[in-house]
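The numbers here are math on the coordinates, done by the rules we state, and not lab data. On a predicted model such as this, the values are computed, not experimentally measured, just so you know. Counting neighbours? That spans all protein chains shown, and the Cβs are built from the backbone with ideal geometry, glycine included.
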There are 4 protein chains.
Amino acid sequence: MSNSFGSVFKITTFGESHGRALGVTIDGCPAGITLDMDFIQDELARRKPGQSKITTQRKEPDSFEILSGVFEGKTTGTPLAMVIFNTDQKSKDYSHIADSYRPSHADFTYQEKYGIRDYRGGGRSSARETAARVAAGAVAKLALRQLGIQIHGYVSQAGDIKTSKSHTELDFSLTESNIVRCPDLEVADDMISLIDSVRKDGDTIGGVVSCVIKGTPVGLGEPVFDKLHARLGAAMLGINAVKGFEYGSGFEGAKMRGSQHNDLFDSKDGKVTTRTNLSGGIQGGISNGEDIYFNVAFKPVATIMRDQDSVDVHGEAVTVSGKGRHDPCVVPRAVPIVEAMAALTILDFYLLQRTTKL
Amino acid sequence: MSNSFGSVFKITTFGESHGRALGVTIDGCPAGITLDMDFIQDELARRKPGQSKITTQRKEPDSFEILSGVFEGKTTGTPLAMVIFNTDQKSKDYSHIADSYRPSHADFTYQEKYGIRDYRGGGRSSARETAARVAAGAVAKLALRQLGIQIHGYVSQAGDIKTSKSHTELDFSLTESNIVRCPDLEVADDMISLIDSVRKDGDTIGGVVSCVIKGTPVGLGEPVFDKLHARLGAAMLGINAVKGFEYGSGFEGAKMRGSQHNDLFDSKDGKVTTRTNLSGGIQGGISNGEDIYFNVAFKPVATIMRDQDSVDVHGEAVTVSGKGRHDPCVVPRAVPIVEAMAALTILDFYLLQRTTKL
Amino acid sequence: MSNSFGSVFKITTFGESHGRALGVTIDGCPAGITLDMDFIQDELARRKPGQSKITTQRKEPDSFEILSGVFEGKTTGTPLAMVIFNTDQKSKDYSHIADSYRPSHADFTYQEKYGIRDYRGGGRSSARETAARVAAGAVAKLALRQLGIQIHGYVSQAGDIKTSKSHTELDFSLTESNIVRCPDLEVADDMISLIDSVRKDGDTIGGVVSCVIKGTPVGLGEPVFDKLHARLGAAMLGINAVKGFEYGSGFEGAKMRGSQHNDLFDSKDGKVTTRTNLSGGIQGGISNGEDIYFNVAFKPVATIMRDQDSVDVHGEAVTVSGKGRHDPCVVPRAVPIVEAMAALTILDFYLLQRTTKL
Amino acid sequence: MSNSFGSVFKITTFGESHGRALGVTIDGCPAGITLDMDFIQDELARRKPGQSKITTQRKEPDSFEILSGVFEGKTTGTPLAMVIFNTDQKSKDYSHIADSYRPSHADFTYQEKYGIRDYRGGGRSSARETAARVAAGAVAKLALRQLGIQIHGYVSQAGDIKTSKSHTELDFSLTESNIVRCPDLEVADDMISLIDSVRKDGDTIGGVVSCVIKGTPVGLGEPVFDKLHARLGAAMLGINAVKGFEYGSGFEGAKMRGSQHNDLFDSKDGKVTTRTNLSGGIQGGISNGEDIYFNVAFKPVATIMRDQDSVDVHGEAVTVSGKGRHDPCVVPRAVPIVEAMAALTILDFYLLQRTTKL
């Protein structure tokens, strides 16, 4: 269950890392989105491995194909299905995974939950599944663009190196100018050096993706349980390797006093605004028209180029060796995934909002 | 929409702060839970205002009544409905809220979203709604107790005062021994002093609730989007005033290397365990049998005893004065809410898990 | 599970026949419905037993109370909860049901499914639950009235007596003029005589409720699985004692040829219409603007005033005697239930329709 | 929206008649179903056009491909995706449909609902979409077979020719022995003659598919709104051209008296049974262990080989000529679709049932 996301714009992803194909269906895709195929392909390219010296060199071409739901370049309101065929299905040697549980991977929990697992490349638990999310997210982004809403993700922290600039001080046109996707260029250089050294160690490192959503109208988000930030949080926590989510003042807000934290209202040209934005653009779970911003913490990925103690499916002690793809820091590649999940969340609330008043 | 939570054990809450009643229905409540009415009442008492000198003195008796779904002390599998009648409905003077937007409250966003709002006491956006969640959560806790699963919430931080002890070093039998619900007793005293001084200032302060779930079997949680921690996160972020959620290594994990972070597997008496638990008891979104633990950050509540600049519904500048209930730190009272939402999440996944294998 | 109905305007009913109360919550109730309390009470009165000589004489006052979701006479967009307290809870003698399975009731299946059942008055399986649907349906009807959509239910058949007039030949202002709710007055008299004679026999009789929906805009209903008639059918089949549903040409349509059955399109004043309406106002699962009409078949209710062979919970043969309320023909009382479920279905699709185009 | 069916075993179909491909995803597919590929292909063959002289001669090879969710011949618990590529995509001449509304087709309602439609071959509203349901239903059937549950569909009526035998008098091993799929062989011959004469007229004819489900355990189905027959009904009414659904005594039951209709309980070898089965195997919405049986009425399909009056998208009068595929009676080909939807419904309730008791 629960390979689906969204309540109106509802996606379902499918596919294993080394199966026949990955893909996604969008049920509830509104009619009238103009599809820019190059844009979708570019988004997939931003996620795929092998983009730069600091990522894994495994190649995933990730060409997508649309199977349904589009006619003469526009969505028709019927389900849009997209497929990415795997070209990398050959029978590799997976004997080291077939019977052993890799530390901090999902091998053990899948085996226990289902009694069976496709161990090739991690199967369904592989981050390769996120390609399907990026494809669906690209469609959502195109819809949001038509609605005047923009989403800007970037790497704000790699290991213990972080930018000290807030999102209002950054120039997002610089995000894609460097391989670590940090618009604070000096910090970007330090991040790249760190990741490169981690790579040489055969190790991995975590980081933080920050994201800002601009142009959201007032009124998106549903009290009580589906507060805008609650579903954004779930969307982010559903991404592989994510360990934390905070929005607005976040964990820092826990230290503050109400007199500091309250965002006083102003009125400008008949529009209600706030002087500060510690609320993160969301009040009572509903967007207030200010910038929505949040942070997503990623742990270091589990695949390292070292031998590790573990157990096999029979409970016997084994050594798991450092085979497989090595990606020293997935955080730059996670930026389009964070953006995709944000786009899916916002578009869903945008459509749902129309049912609020008789 | 979206006053519902859960996929199998599905609750829907209703009610406004100063309306006729609050309540909750549980659709999908399994037959065979033995209801301990005193326990449910005690849980409501843990949440209600006016418990101690550091909380608001407004009285909410919060007596609940079960309307359906129980027969001879046991749940029957039909919807269980619980109601808490409001005794505090008299027409107070709400003119200061009727037309004005209180800073960092949901007045503005509700008005814009719905075109109408019940402004009395904050209406639906009042934290009073969480009483309904605690009532439903108490039922879930009773079910989990029958299943051998325990949930322990506690205050780990108030303002900038925090315990340095990890959850494995704490004695949870001490949590209820002090009014701030911190089992680290020395730190508890400091927290109480801080909150008391904030109270005297007419101000408010945030904090962090930590929570540990013990006894969870392997296999709860659903990849891809409904990872156990993704739904736990959504559950927590749906609580009023929450700004962040992290589990296992959390935001600290972003600084770590894979070689430090990986939890090596061991086998003990035929049971697979991990040597460390930076994963927070969850791998690939599925419980691995270790302790599940997480932190929830609360901002300071917005109602302070001071005058603040704001605007009214016509966009005119106004001063909002510090009336209403003053609760300098809601974090101790949030502990049972966090526990309730955790219980609802875990029970839901427990039941769902049974559909995984043919 | 599944005491809920609707995808946007989502109701959940609760309550047992002889428990504390029955009720319903509406999550997704749009803001801006003006509530006419007298109308809601009148709808409940149309459903309640004891209305005339041909129905059971048991009294159910069915006064409702709104607990939430309304402010100054209008819905606010937050969940609307309604409760009907049972006044009839005294400990009657239910020993004849406690251990025995009444033929064609739900006693056996509930006991097997849940391992426990509230046997008093049939508990949750009692048709008394439909009062909650009528209450919610009355709110939906008020919303539809604001939108210009009307729903007309009536009894078209009782036993083997049926009207030969089609819905276009009937004057619906006559429906409530007689106790059997048949607008064909001559046939109504025959139906009343039949039911009265069945009553004297201590027996029961089935019948058919027909329903017409006028004023529906083009475009309601969702292909593929949620065709307008599929969800209408599910709504009707969910009513106690219903055995069949047909719309448009229905089962007669199975005998026809395409050349007879096709509804040719016309254009009148810029509006596309059809010359005939064997489609029943729905094409491809989507409303086409013509009258929507359908029939709902009710079996005779199972409670008869006679001794019947059965078995008890231990599998021993017993005689179940004809105690309890005797309602010789529930079909007239089912009219407001059919209308309520139709209203809930149409309003839900009306709101959902707004999400169809970007 | 709503191209999905099921609550636990949840399918989503996609694809247009003349698009790139049709397909289906199954989210919530339990691990451990052994997939028999030949069986799935055979089920698709039973649905496809061109099987015999009485169906359309258009060829749809309908070879399917599984993209995910299977490992070493068994389902893994992850989403199973199946695709059927269209080989028939060439640019035919669709100018007669592009601008005109075919009578009793979905051209007009789709155009109005979405503002755009893929008119080629009817696009999404084409019955070709049901191939995806049959593929998913075949997987469900394989699961049910492992659970000892069998589903038998057959044609009981074509036009006004119907079998007089009840389902208990028929030998279902004969169903596939004739091209009209009627196990009453004498009646089958008459049906074939009728359909052949309709075909020669360039006309179409409706009919009824009956279905029996054997081996269902007691306890499937959910009160109140998701009664087993309510969801079965919705499943059937969602099939193209269906106008009615009845189960057990059905519309005939409306004429009966309670004393005739009640199914008296017996006990045999510790198992509770009923002497008669007018309930159709379902009481209070829950299976009682007896045979479940129901009828599904199909109207004649709208495509006939004659000229018909209609209007175009501009509201101008046009003549729509009888082009396109001619299928004089789809009812025999609907048998596997009815069975597929029944299998999907039963399996879903089977899994859901496991969550009923703590």
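Here is the size of the stretch C:237-295 from its Cα atoms: Rg then Dmax, 13.4, 44 Å. Each Lys and Arg Cβ is given +1 and each Asp and Glu Cβ -1; about its Cα centre, the protein assembly as shown then shows a dipole of about 0 debye. Using only Cα atoms, locate the centre of the stretch B:203-218 and the centre of the stretch B:273-343, then give the distance between them in Å, rounded to an integer. Value for the Cα centre distance between the two parts: 10 Å. Magnitude of the charge dipole for the stretch D:143-243, about its Cα centre and with charges confined to Cβ atoms of Lys, Arg (+1) and Asp, Glu (-1), is about 440 debye. Position A:S259: other-copy label points at 5.1, 8.5, 9.0 nm, ordered by increasing distance, label point 7 Å along Cα→C-beta.
If only the Cβ of Lys and Arg carry +1 and only the Cβ of Asp and Glu carry -1, the dipole of the stretch D:4-353 around its Cα centre is close to 260 debye. The lysines whose alpha-carbon is closer than 21 Å to the alpha-carbon of D:K268, local same-chain residues fewer than 8 away aside, are C:K113, D:K214. Between beta-carbons, use under 12 Å as the cut-off and find the net charge around C:E316, counting Lys and Arg +1, Asp and Glu -1. So the environment of C:E316 carries a net charge of -4. Projecting the alpha carbon convex hull of the stretch A:86-159 along each direction and taking the average yields 8.0 nm².
Panel values: the stretch C:265-337, Kirkwood radius from alpha carbon pairs, Stokes-Einstein at 10 °C and 1.306 mPa s, translational diffusion coefficient 93 µm²/s. Legend: ranking of residues C:M341, C:M37 from fewest to most surrounding C-beta atoms inside 10 Å; resulting order C:M37, C:M341.
Calculated mean residue ellipticity at 222 nm for the protein assembly as shown: -8000 deg cm²/dmol, from DSSP H runs with n ≥ 4 weighted as -39500 (n - 2.57), summed, divided by the residue count and rounded to 500. Charged neighbours of D:R257, selected by a Cβ distance under 11 Å, balance to 0 (K, R count +1; D, E count -1).
Relative to the 2.2 N^0.38 Å rule of thumb, the stretch B:147-188 has a C-alpha radius of gyration ratio of 1.17. Identify all aspartates and glutamates with a Cα-Cα distance to B:K271 below 20 Å; exclude those on the same chain that are fewer than 8 residues away in sequence. Answer for B:K271, where 20 Å is the Cα cut-off: A:D99, A:D107, A:E112, A:D309, A:D312, A:E316, B:D263, B:E290, B:D291, listed by chain and number. The calculated P(r) of the stretch D:181-262, using every Cα pair and 5 Å bins from 0, goes 3, 10, 14, 16, 20, 16, 10, 6, 4, 1 in percent. Approximating the spin labels as points 7 Å out from Cα along Cα→Cβ, the D:E316-to-A:R354 distance works out to 3.1 nm. In chain B, the longest principal axis of the Cα atoms and the axis of helix B:130-147 are about 20 degrees apart. Cα-based radius of gyration for the protein assembly as shown, normalised by 2.2 N^0.38 Å, reads 0.90.
For an R0 of 25 angstrom, estimate the FRET efficiency from the Cβ-Cβ distance between B:E169 and B:D266 and round to the nearest 0.05. Computed FRET efficiency for B:E169 and B:D266: 0.75. Distances between copies of C:S166, taken at a point 7 Å out from Cα along the Cα→Cβ vector and listed shortest first: 3.5, 7.0, 7.8 nm.
What's the long-distance tail for the stretch C:4-353, i.e. % of Cα pairs beyond 27 Å?
Everything past 27 Å amounts to 49 percent.
Computed from the C-alpha gyration tensor, the three semi-axes of the ellipsoid equivalent to the stretch D:1-145 are 30, 18, 12 Å, from longest to shortest.
Treat the count of other C-beta atoms within 10 Å as a stand-in for reagent exposure and order C:H229, A:H314 from fewest to most. Before the final figure, lay out the partial values.
Numbers: C:H229 29, A:H314 10.
Listing C:H229, A:H314 from fewest to most nearby Cβ atoms yields A:H314, C:H229.
With respect to the axis relating copies B and A by rotation, the chain B residue whose beta carbon is closest, plus that distance in Å, is B:A234, 2. With contacts taken as Cα pairs under 8 Å and at least 6 residues apart, chain B reaches a relative contact order of 22 percent. Here C:K141 is the anchor, and the aspartates and glutamates within straight C-alpha reach of less than 14 Å, apart from those fewer than 8 places off in the same chain, are C:D36, C:D38, C:D42, C:E43, C:E339, C:D348.
Relative to the longest principal Cα axis of chain A, at what angle does helix A:331-353 sit, 0 to 90 degrees, rounded to 10? The two axes meet at around 50 degrees. For C:D291, the label point sits 7 Å beyond Cα toward Cβ; its separations from the matching points on the remaining copies run 3.9, 6.0, 7.0 nm, from shortest to longest. Note on the stretch D:212-358: Rg/Rh from Cα positions, Kirkwood definition for Rh, rounded to two decimals, is 1.13.
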